Each structure stands twice: as C-alpha cells, then as structure tokens.
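A single structure is presented below for examination.
The values are calculated or read from the model by the stated rules, or taken from the named source; none is laboratory data. Please read all numbers here as calculations on a predicted model, not as lab measurements. Reconstructed Cβ throughout: ideal geometry from the backbone, glycine too, with neighbour counts over all protein chains shown. Side chains are part of the model used for accessible areas, which takes the heavy atoms of the whole protein and leaves out ligands, DNA and RNA. Shrake-Rupley method; radii C 1.70, N 1.55, O 1.52, S 1.80 Å.
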Amino acid sequence: MKLASLPQGRDGRLIVVSDDLAWYADADHIVPTLQALLDDWDRFYPLIEALGIELAHGAIPRKRFHEREACAPLPRAFQWVDGSAYVNHVELVRKARGAELPESFWTDPLMYQGGSDDLRGARDPIRLADEAWGCDFEAEIVVVTGDVPQGVSAEQALRHIRLVGLVNDVSLRNLIPGELAKGFGFVQSKPASHFSPVFVTPDALGDAWGGGKLSRTLMVDLNGEAFGRIEAGEECTFDFGVLIAHLAKTRSLGAGSLIGSGTVSNRDPDGSPGRPAGQGGRGYACIAEQRMVETIAAGAPATPFLKAGDTVRIEMRDAKGRSIFGAIDHAVVAG
C-alpha cells in the first residue's frame, strides 16, 4: 500500500496512491489524515487496504497523482528522531572535523531528536538564509511507527513499523561544530527535513525489505548529475529494529514517530571511502563525505556546499525501474 497527503489544513488530506504512482483515490471519507490512521491502525487500515485494492482494479473513481502536489505525508509529527545506521558515514564526517570515532559507536547507535513541527514536502525548496552556514543534503531511509511499548526488543520493534519512505535530513555543516562543542546536541544546525511524496507499507516493498533493512539503490543527483548510487542494504550497521529498540529503552513511542537511518553510506570493496560517482564510484549521499574524500586525496575539499539555485534529487527504484516513493526533487533558495 502506498499512502500520501495532499495539502489541507495543518495535517494534510490522506490519499491512497497506485503502485505505479500514476493515480490516487481520496481516503478522507474513511479517515481524514495519515496521523489519524496511525492512531487507530487496526481499525482503519483494513478499510484503507480495501480502498487500495479497488483503486488497483479501477473499481472506484480515481484522479491523476502528481508528486509535485503532495505535501509531506506527515506535515507535522509527534516525534522525528534520526539515528546512525551507517556508521561509515559517522566515521567519515567526524574525520572531516578532526574527531576520532569511539569504538562504542559500532555497537551503540547514535541518535538525536529533531524538530517535528515543520516537516516539508518533496518539492518544497530548501530555504537558506546564509550560504556561509554550509548547507548539505543527507539522503536517508525513514520509517514510521505505530505505538511502541517501552523496553521493546529489536525483533519485536520491527512489528511496529507501519510505513517506510525517504528523507532529506538537511544539515548546516558549519554550524554543527559550535553546537556540539556546547555538549547539548543539534538545534540551529538541523533545519526542516523534507520527505518523499509517498510512504509505503513494508509488505508492499517485497524482497527489498527484510530484517529491518531496505535493500535497493539510493539515487542522489546534484544539479542534474549523478552524485550517489549507494546500496542501502549494504553496510547498514544497525537495522531499524535496533534503532527503535534503542529509542524505546526508557520510554514508549507514540504512533506516528518518524525514525531516520542517518545518511546512507558505502565503502569500496578495498575498504577505502570510495570514489565520487563522476569518477565511476558509487558516490555519496551527502556532500560532506565527498569533501572528506577530497581532503584525503588532495589535502583540501573541492566540492562546495549548497548555494541558491542548486537542485537536489533523491529517489529509489524497484527491480523494474519504477520509482518506489516518488522523488524528493527540490531547489535551494535564498531566504
């Protein structure tokens, strides 16, 4: 099942989207918003699932689905938390600012709590007030949970994942060191995140989803050229069950909690950080990693951070080449 929201009020209007992302059917006569569906999943989901089957068979009125018209599936949420499933990314970014990676990071996930009151759509621009802040994209996987009890195990946690999607967790790299030096985490250096037009139930992902991991190629383009073609299922140190269990160790989680994977990251088979996509490598899911590799090779980074007018596209395709979640495809604008 593929679900999305169209702009209406603060929380959008729930729609069911066809597997090929071509058509949709209104679902608000069953339940008005995605959050309301998540709040009472067992009651409403069978009805939404039946609606999706009718849509697939052309048995109900349908309308053309245009990704550009969708807002974030959850325009605001009770919780947005980002983890560190890909420790290779954490290691490279820490090296870039001269910090060593503690050994515990390979066994104990990192996690930070972001702002969830302003979650933006896939076509909404990245608004950048000052290019000196070092604006970067971070292409990630995200899951949405139902209610999760405190103390849940990693295995049990997987049963509480309702939906899967993509997110651009925008970062302001030049503000991060100063904030972390205070010892109290990110605030200003993490502006609003942008989410894929569509979220998908795990069962609809087929063999691409298993063990709390999504195993497809994450495609990242910068200004229309390939920047990353990263394998999301490889080198995923912590699956989503582990991340959710980590978050729920001392508290329960409310339905509609969003948990990000952290930036998807690969090494080359030889163990090196790899090569840029433009040089035949898999590339990267954020600019910071490419800058780190440039620093290792040449002593200084060459790729600039984002500026007004730049465009970023993040997408994942299935085995038949069809977009799974729709594309995050937006521009940086001043202001």
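Need at least 2 residues that are closer than 25 Å to S215 by Cα per element, so show me which strands (runs of 3 or more DSSP E) inside the stretch 1-98 make the cut, counting only ones lying wholly within it. Let's see the steps before the verdict.
Working: elements: 2-6, 13-17, 23-26, 79-83.
Because the criterion is at least 2 residues that are closer than 25 Å to S215 by Cα, the strands (runs of 3 or more DSSP E) in the stretch 1-98 that meet it are 2-6, 13-17, 79-83.
Tell me the residue from G228, G335, G283, G256 that is farther than 19 Å from W209 by Cβ, surrounded by fewer than 15 Cβ atoms within 10 Å (Cβ to Cβ) and not β-branched (V, I, T), please.
Working: G228 fails: surrounded by fewer than 15 Cβ atoms within 10 Å (Cβ to Cβ); G283 fails: surrounded by fewer than 15 Cβ atoms within 10 Å (Cβ to Cβ); G256 fails: surrounded by fewer than 15 Cβ atoms within 10 Å (Cβ to Cβ).
Unique residue meeting the criteria: G335.
Another question, if that's okay. Of all residues in the stretch 55-102, which are farther than 30 Å from R291 by Cβ and over 24 Å from the mean Cα position of the chain (by Cα)?
Within the stretch 55-102, L55, A56, H57, G58, A59, I60, P61, R62, K63, R64 meet the criteria.
Hey, L101 hits all of (1) surrounded by 14 or more Cβ atoms within 10 Å (Cβ to Cβ); (2) in a helix (DSSP H, G or I) but one; which does it fall short on?
Of the numbered conditions (1) surrounded by 14 or more Cβ atoms within 10 Å (Cβ to Cβ); (2) in a helix (DSSP H, G or I), the odd one out for L101 is (2).
Would you confirm, using the coordinates I've provided, whether E67 is surrounded by fewer than 23 Cβ atoms within 10 Å (Cβ to Cβ), under 21 Å from S193 (Cβ atoms) and among the acidic types (D, E)?
Values: surrounded by fewer than 23 Cβ atoms within 10 Å (Cβ to Cβ): yes; under 21 Å from S193 (Cβ atoms): yes; among the acidic types (D, E): yes.
Yes: the conditions hold for E67.
Also: Name the residue, out of E131, E155, E140, that is among the acidic types (D, E) and in contact with a helix residue (DSSP H, G or I) (Cβ under 9 Å, 6 or more places away or on another chain). First the steps, then the outcome.
Working: E131 fails: in contact with a helix residue (DSSP H, G or I) (Cβ under 9 Å, 6 or more places away or on another chain); E140 fails: in contact with a helix residue (DSSP H, G or I) (Cβ under 9 Å, 6 or more places away or on another chain).
After ruling out the rest, the residue left standing is E155.
Something else about it: With charged (D, E, K, R), at pLDDT 95 or above, more than 16 Å from the chain's Cα centre (by Cα) and within 25 Å of D329 (Cα to Cα) as the only criterion, which of D117, D124 stands out? Give the steps one after another, and end with the answer.
Values: D124 fails: more than 16 Å from the chain's Cα centre (by Cα).
Sole residue among the options that is charged (D, E, K, R), at pLDDT 95 or above, more than 16 Å from the chain's Cα centre (by Cα) and within 25 Å of D329 (Cα to Cα): D117.
Another question, if that's okay. For the stretch 105-124, state whether one or more residues are under 26 Å from A300 (Cα atoms) and buried (at least 20 other Cβ atoms within 10 Å of the Cβ).
Going residue by residue through the stretch 105-124, those that are under 26 Å from A300 (Cα atoms) are none.
For the stretch 105-124, residues under 26 Å from A300 (Cα atoms) and buried (at least 20 other Cβ atoms within 10 Å of the Cβ): absent.
Looking for something part of a helix (DSSP H, G or I) and aliphatic (A, V, I, L, M) - is there at least one such residue anywhere in the stretch 180-187? First the steps, then the outcome.
Within the stretch 180-187, the first condition is being part of a helix (DSSP H, G or I), and the residues that meet it are 180-181.
So of that shortlist, the ones also aliphatic (A, V, I, L, M) come out as 180-181.
Yes - at least one qualifying residue is present in the stretch 180-187.
Does L38 satisfy the criteria of being closer than 30 Å to V187 by Cα, open to solvent by less than 60 Å² (accessible area, probe 1.4 Å), more than 18 Å from the chain's Cα centre (by Cα) and not polar (S, T, N, Q)? Before the answer, list the steps.
Numbers: closer than 30 Å to V187 by Cα: yes; open to solvent by less than 60 Å² (accessible area, probe 1.4 Å): yes; more than 18 Å from the chain's Cα centre (by Cα): yes; not polar (S, T, N, Q): yes.
Against the criterion (closer than 30 Å to V187 by Cα, open to solvent by less than 60 Å² (accessible area, probe 1.4 Å), more than 18 Å from the chain's Cα centre (by Cα) and not polar (S, T, N, Q)), L38 qualifies.
Residues in the stretch 180-193: is at least one among the small types (G, A, S), open to solvent by 10 Å² or more (accessible area, probe 1.4 Å) and modelled with pLDDT of 95 or more?
Narrowing the stretch 180-193 to residues among the small types (G, A, S): 181, 183, 185, 189, 192-193.
Pick out the ones that are also open to solvent by 10 Å² or more (accessible area, probe 1.4 Å) and you get 181, 183, 185, 192.
Applying the additional criterion that residues be modelled with pLDDT of 95 or more yields 192.
Yes, that holds for at least one residue.
State the number of residues belonging to the stretch 203-215 that are assigned to a strand (DSSP E or B) and surrounded by fewer than 16 Cβ atoms within 10 Å (Cβ to Cβ). Walk me through how you get there before you give the answer.
Within the stretch 203-215, the subset assigned to a strand (DSSP E or B) is 209-210, 213-214.
Retained after the next criterion (residues that are surrounded by fewer than 16 Cβ atoms within 10 Å (Cβ to Cβ)): 210.
Qualifying residue count, the stretch 203-215: 1.
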